[in-house]
Structures are given as structure tokens and as C-alpha cells.
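Written out below as C-alpha cells is the structure these notes cover.
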Amino acid sequence: MNLELTVEDDRWQGLESLSRQAISAVLSYAELDPGCCEVSVLGCDDARITELNAEFRGKPTETNVLSWPAEDLSPDQAGQVPQPPEPDFTGEIPLGDIAISFDTCAREADEAGMDFDAHVVHLLVHGTLHLLGYDHIRDPDAALMEGIEVGILGKLGIDDPYKV
């Protein structure tokens, strides 16, 4: 996969490996050729993700992960699987961008008694599914997305984060 990684916070040790693990698992689930897919990941802190959340979602608060899909693949009907992404004229599949905050991830993992790396992988799986058109606004979509996340994480040896 073509992974463009930008690390703005030096505490993000190992983010490239965690990103590759999570994104590859989602691409495998979606039966997409990783060699054709492009994803950008930004490792930042709460201050930066608060700026991004305010700018793009109108919510001036910190969050754990944000995603910007390259194209809207979301289904019209709730609970349906999104349409698969199509390659561009070069044969590449640009999926989009993900930003993840070290501060919020560390705090959430600590509060839940979870392994930090496992929590980060979960959030990167979650963010990548957003790039593929999955969402959790409508209940049927949330149930579908959560089930897929749990299945992917289980294959990676990570416990169901929703049962913590």
C-alpha cells in the first residue's frame, strides 16, 4: 500500500507499523489490492486534532480519530454495504486521509485499561472503514460497521473493544 505518514508528535513511535497493520487488515477484508491503495495518516496531538475537528466538522473539541474519504462511497439505504472504490486513471485507488491524536488515544486506553497499541489499531481500522464508506450515524450502519471492526480486530488477535 502507498502509505503517506506524517508524524507531528514525537510520541507516535511505531505509528507506521500500526497503520500498515490496521489498514492492510481492512483492505484484506474489503478484498482490495493493497498495492493499488493510497492512504494518508497524520499522527498528531489533541491541539491539532481539535483544530481539524473544528475546521471540518464544526466541533472545536478533541477526538481520537478523523477520516476524510477521497470519495463518498456510502450507501443510500441504512445497513447496506458501501460501494467499492474504483481505481483512478493511473490504476491507483486513493482512499483518503486519517488523523489520529496521541493524547486522546492514550487517555482512552488508560481509562479503559486497554493496551495502547491495540486501541490505536482499532481506531485506525475504524478510520479506514470510514474511508471505504462505512459510518455509524444510523443504527443499522453502526451495527454493520461495529461487526466488521470486531471481526477484523479478532483476526489480528485484538479483543472486542466494545465489550471493555
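Every read-out reported here was derived from the displayed coordinates using simple, explicitly stated rules and does not represent laboratory data. Nothing here was measured: the structure is a model prediction, and the numbers come from that model. Cβ coordinates were reconstructed from backbone atoms using ideal geometry, including for glycine residues, and neighbour counts include every protein chain displayed.
Which loop trypsin sites (Lys or Arg not before Pro) in the range 4-110, with loop taken from DSSP, have no more than 12 other Cβ atoms within 10 angstrom of their Cβ? Here the sparse-neighbourhood loop sites are Arg11.
Across the alpha-carbon atoms of the range 1-43, the computed radius of gyration and Dmax are 10.9, 33 angstrom. For the range 19-98, the list of chymotrypsin sites (Phe, Trp or Tyr not before Pro) that fall in a loop by DSSP and count at most 13 other C-beta atoms within 10 angstrom reads Phe89. Annotation: the residues Trp12, Trp68, sorted from fewest to most other C-beta atoms within 10 Å of their own C-beta, follow the order Trp68, Trp12. Each Lys and Arg contributes +1 and each Asp and Glu -1, all at the Cβ; summed about the Cα centre of the chain, the dipole is approximately 280 debye. Applied to the range 132-140, the Karplus parametrisation 6.51 cos²θ - 1.76 cosθ + 1.60 on θ = phi - 60° returns per-residue 3J(HN,Hα) values of 8, x, 7, 8, 9, 6, 8, 3, x Hz, with x for Gly and Pro. The structure shown yields mean projected area of the Cα convex hull in nm², and of the options [x] 11.7; [y] 14.8; [z] 9.3 that calculated value carries the label [z]. Once C-alpha pairs closer than 8 Å and six or more residues apart are averaged by separation and normalised to the residue number of the chain, the relative contact order reads 26 percent. Among Pro34, Pro82, Pro60, the residue with the largest mean-square fluctuation in a Gaussian network model of the chain, with springs joining Cα atoms closer than 10 Å, is Pro60. Ellipticity at 222 nm from helices only: DSSP H runs of n ≥ 4 in the chain, each -39500 (n - 2.57), divided by the residue count, give -14000 deg cm²/dmol.
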